[in-house]
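The values are calculated or read from the model by the stated rules, or taken from the named source; none is laboratory data. Model, not experiment: these values are computed from the prediction. Neighbour counts are summed over all protein chains in view; Cβ atoms, including those assigned to glycine, are modelled from backbone coordinates with ideal geometry.
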Amino acid sequence: MIKILKSYVRKHHVKNENKQYHISGSKKNIIEEQKTPSRTTIINYLLSLSKNKTNYLEIGVRNPNHNFNHIKADNKYSVDPGVEFKENPVDFKMTSDVFFDNLNQEKILIPGIKFDVIFIDGLHLAEQVDKDIINSLHYIKDDGFIVLHDCNPPTEWHAREEFRYTGSPAGGHWNGTTWKAFFKWRFEPLINSCCVDTDWGVGILSKKYKIGSSIKKTNSFYEFNTLDNNRAKHLNLISFDKLKSILAKSNFDIPA
């Protein structure tokens, strides 16, 4: 790991006074990349809990080989405008706003369709992620799950608003401000939530299952340092094994 970090510093011509930040950021990148399981494994587990045929929706696909193609559901639907992946072999080549608008007007899919899991991994900016969550809540089954990627950025550089700036200690990694949207829903008493500490933070929202109680509103200005000092509590960070244990206790038919 030390050789990799030194190579990164030389490659990016990092000044001496900034080396500590770049080394720390690079180290956290390596740690995060080694965490398991992946979001795909978590999504497939949640889908496996249903005894009926499953409906899955993915918002923000990019390359489907990274996740979508590996999802095990009876019916799968994908949404992506194709900004980052030119081939864009998805079902609905449009933004999530347009998709949900068409869904509301019953122009697409079956009227009244509900999903077991909706995975949100589109534009990583809080305002858009919040819109996607609000829209998804109308189309998730009562016992379904909304899953979000990139909810646990390791540093403030990973949580930057501008994707294209890659000269920071985060390197080419970008979680955006997704965490702010997820954190906002941690204040909602009617929604249960947790964040599995893997794959850059896999946030999960549920109407039914007690995966994590809401918290009193705090960090009103969404300061990153405040999150960093309280992330375990504020994001309700848990392991995948802990999630499975909670769900097993929520329904005796669910295997631990």
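Being outside any helix (DSSP H, G or I) and modelled with pLDDT under 95 narrows it down to one residue among Glu17, Glu106, Glu84; which is it? Working first, answer last.
Numbers: Glu17 fails: outside any helix (DSSP H, G or I); Glu106 fails: modelled with pLDDT under 95.
On inspection, the qualifying residue turns out to be Glu84.
Listed here are the residues, each with its yes/no results for (1) in contact with a Cys (Cβ under 8 Å, 6 or more places away or on another chain); (2) in the same structural domain as Ser48 (by TED's automatic domain parsing); (3) not small (Gly, Ala, Ser).
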{"site": "Leu125", "(1), (2), (3)": "no, yes, yes"}
{"site": "Gln128", "(1), (2), (3)": "no, yes, yes"}
{"site": "Tyr139", "(1), (2), (3)": "no, yes, yes"}
{"site": "Asp143", "(1), (2), (3)": "no, yes, yes"}
{"site": "Ser168", "(1), (2), (3)": "no, yes, no"}
{"site": "Gly176", "(1), (2), (3)": "no, yes, no"}
{"site": "Trp179", "(1), (2), (3)": "yes, yes, yes"}
{"site": "Trp185", "(1), (2), (3)": "no, yes, yes"}
{"site": "Asn192", "(1), (2), (3)": "no, yes, yes"}
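Out of all the residues in the range 125-165, which are assigned to a loop (DSSP other than H, G, I, E, B), within 18 Å of Leu227 (Cα to Cα) and hydrophobic (A, V, I, L, M, F, W, C)? Scanning the range 125-165 gives Leu125, Cys151, Trp157, Ala159. Residues in the range 223-247 that are among the hydroxyl-bearing types (Ser, Thr, Tyr) and under 18 Å from the mean Cα position of the chain (by Cα): Ser239 only. Once the range 184-202 is narrowed to residues that are touching a strand residue (DSSP E or B) at 6+ places or on another chain (Cβ under 9 Å) and not in a loop (DSSP other than H, G, I, E, B), the residue that is nearest to Glu84 (Cα to Cα) is Val202. Look at (1) hydrophobic (A, V, I, L, M, F, W, C); (2) crowded, with 18+ Cβ neighbours inside 10 Å; (3) modelled with pLDDT under 95; (4) within 26 Å of Ile134 (Cα to Cα) and you find that Phe163 fails only one, number (2). Check Val90, Val147 and return the single one that is within 18 Å of Ile191 (Cβ to Cβ), touching a helix residue (DSSP H, G or I) at 6+ places or on another chain (Cβ under 8 Å) and modelled with pLDDT of 95 or more. Only one candidate qualifies: Val147.
Does the range 24-45 contain any residue that is touching a Gly at 6+ places or on another chain (Cβ under 9 Å), in a loop (DSSP other than H, G, I, E, B) and surrounded by fewer than 18 Cβ atoms within 10 Å (Cβ to Cβ)? No.
When restricted to residues that are surrounded by fewer than 17 Cβ atoms within 10 Å (Cβ to Cβ), under 23 Å from Thr36 (Cβ atoms) and of a type in the set (S, T, N, Q), the range 215-253 contains 2. Scanning the range 203-227 for residues that are touching a residue at least 40 places away in the same chain (Cβ under 8 Å), not hydrophobic (A, V, I, L, M, F, W, C) and not in a loop (DSSP other than H, G, I, E, B) yields Gly203, Ser206, Asn225.
Looking at His158, is it out of contact with any Leu (no Cβ under 8 Å at 6 or more places or on another chain), exposed (fewer than 14 other Cβ atoms within 10 Å of the Cβ) and modelled with pLDDT of 95 or more? Working first, answer last.
Working: out of contact with any Leu (no Cβ under 8 Å at 6 or more places or on another chain): yes; exposed (fewer than 14 other Cβ atoms within 10 Å of the Cβ): no; modelled with pLDDT of 95 or more: yes.
Here the answer is no, as His158 does not meet what is asked.
The sole residue among Asn52, Asn67, Asn44, Asn63 that is in the same structural domain as Asp143 (by TED's automatic domain parsing) and in contact with a strand residue (DSSP E or B) (Cβ under 8 Å, 6 or more places away or on another chain) is Asn67.
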